[in-house]
Amino acid sequence: MNGSATTTKIVALGDSLTLGETGFVFSGEVAVPYPQWLQFFAEEYSRSHKLGVSVQVLNKGINGDLTSGMFERFPSDVVDERADYVIVLGGTNDIGWGLDRGEIIHNLAAMYDAAQNNGIGAVACSIPSILGFDEAIPARLDLNRAIKSEAEKRKIPLLDLFTATADRRSKRLLEDYSADGLHLNHKGYERIGKYVFDEWLKAVLDHSLT
């Protein structure tokens with residue numbers, strides 16, 4: 001870095017799991033969304049290690065959005081923002097509406113490819129589990145297997161948010177992280193923010209020194 005400051009811009013693209021509680025109250029508390037936690041951990045790390053790197057995380061989550069909607073706004077919300085990286089977290093609402101897994105994966109893969117075609121680092125995410133609706137868990141596991149396959153095919157990072165927030169045996173979303181069974185509470189968002197930082201962004205910042 002030679003002492004010169006630089007900014008890494010990250011777009012967090014998604015639905016209500018990304019947006020947080022703007023417009024809705026799911027947890028009965030002020031729940032800071034994961035993109036805000038991610039920026040906090042990144043800034044704290046950069047400052048303590050004197051990296052000279054500024055991190056900006058833009059929250060581009062929309063309540064109720066489908067992967068088709070995310071793809072439609074990809075040019076304005078990601079490309080036009082001149083993002084260095086985009087974290088794609090989508091599919092929960094698609095499953096809720098009973099959309100075909102193939103259609104969901106098509107939309108997610110199109111976003112990974114659009115990012116790479118525009119020189120933007122794509123980061124894939126598995127979707128978290130659910131609590132109180134066990135019948136909805138298999139579809140999530142099935143989609144997450146397909147997301148993993150697409151990420152491996154493109155050699156892009158995969159952040160396993162399902163495993164990071166679920167009970168290992170029951171595969172249910174951990175109660176400690178649940179606001180209403182579907183959305184996350186304050187602790188859940190903090191967990192995801194820290195996980196994303198530890199498993200991906202920390203290495204990106206460390207690499208900026210080379």
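Identify all residues within the stretch 50-71 that are more than 22 Å from residue 95 (Cβ to Cβ) and either touching a residue at least 60 places away in the same chain (Cβ under 8 Å) or assigned to a helix (DSSP H, G or I) (or both); write none if there are none.
51, 53, 55
Collect the residues in the stretch 154-182 that are part of a loop (DSSP other than H, G, I, E, B) and either surrounded by 14 or more Cβ atoms within 10 Å (Cβ to Cβ) or among the acidic types (Asp, Glu) (or both), keeping them in residue-number order.
Taking the stretch 154-182 and keeping what is part of a loop (DSSP other than H, G, I, E, B), we get 155-157, 160, 167-172, 174, 179-182.
Those that are part of a loop (DSSP other than H, G, I, E, B) and either surrounded by 14 or more Cβ atoms within 10 Å (Cβ to Cβ) or among the acidic types (Asp, Glu) (or both): 156, 157, 160, 167, 171, 172, 174, 179, 180, 181, 182.
Each row is one residue, and each column tells you yes or no for (1) out of contact with any strand residue (DSSP E or B) (no Cβ under 9 Å at 6 or more places or on another chain); (2) charged (D, E, K, R); (3) at pLDDT 95 or above; (4) within 26 Å of residue 129 (Cβ to Cβ).
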site: 20; (1), (2), (3), (4): no, no, no, yes
site: 23; (1), (2), (3), (4): yes, no, no, yes
site: 29; (1), (2), (3), (4): yes, yes, no, yes
site: 55; (1), (2), (3), (4): no, no, no, no
site: 67; (1), (2), (3), (4): no, no, yes, yes
site: 81; (1), (2), (3), (4): no, yes, yes, no
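Could you tell me whether residue 74 is touching a helix residue (DSSP H, G or I) at 6+ places or on another chain (Cβ under 7 Å) and either in contact (Cβ under 8 Å) with a residue 40 or more places away in the chain or among the small types (Gly, Ala, Ser) (or both)?
Judged against the criteria, residue 74 is a match.
Against the definition (aliphatic (A, V, I, L, M), touching an Asp or Glu at 6+ places or on another chain (Cβ under 6 Å) and surrounded by 14 or more Cβ atoms within 10 Å (Cβ to Cβ)), how does residue 89 come out, yes or no?
Spelling it out, it is not the case that residue 89 is aliphatic (A, V, I, L, M), touching an Asp or Glu at 6+ places or on another chain (Cβ under 6 Å) and surrounded by 14 or more Cβ atoms within 10 Å (Cβ to Cβ).
For the subset of the stretch 111-136 comprising residues that are of a type outside the set (S, T, N, Q) and in a loop (DSSP other than H, G, I, E, B), which member is nearest to residue 57 (Cα to Cα)?
Looking at residues that are of a type outside the set (S, T, N, Q) and in a loop (DSSP other than H, G, I, E, B), I get 120.
Return the only residue of 65, 113 being of a type outside the set (Lys, Arg) and crowded, with 18+ Cβ neighbours inside 10 Å.
65
Can you list residue pairs whose Cβ atoms sit under 8 Å apart, with the first residue in the stretch 108-130 being over 21 Å from residue 96 (Cα atoms) and at pLDDT 95 or above and the second being of a type in the set (Lys, Arg) and surrounded by fewer than 18 Cβ atoms within 10 Å (Cβ to Cβ)? Count only pairs 6 or more apart in sequence or on different chains.
Short answer, once both residue conditions are applied: 112/154; 113/154; 116/154; 122/154.
The values are calculated or read from the model by the stated rules, or taken from the named source; none is laboratory data. Computed from a prediction, not measured in an experiment: that's the story for all the values here. All Cβ positions, even for glycine, are placed from backbone atoms using ideal geometry, and neighbour counts span all protein chains on display.
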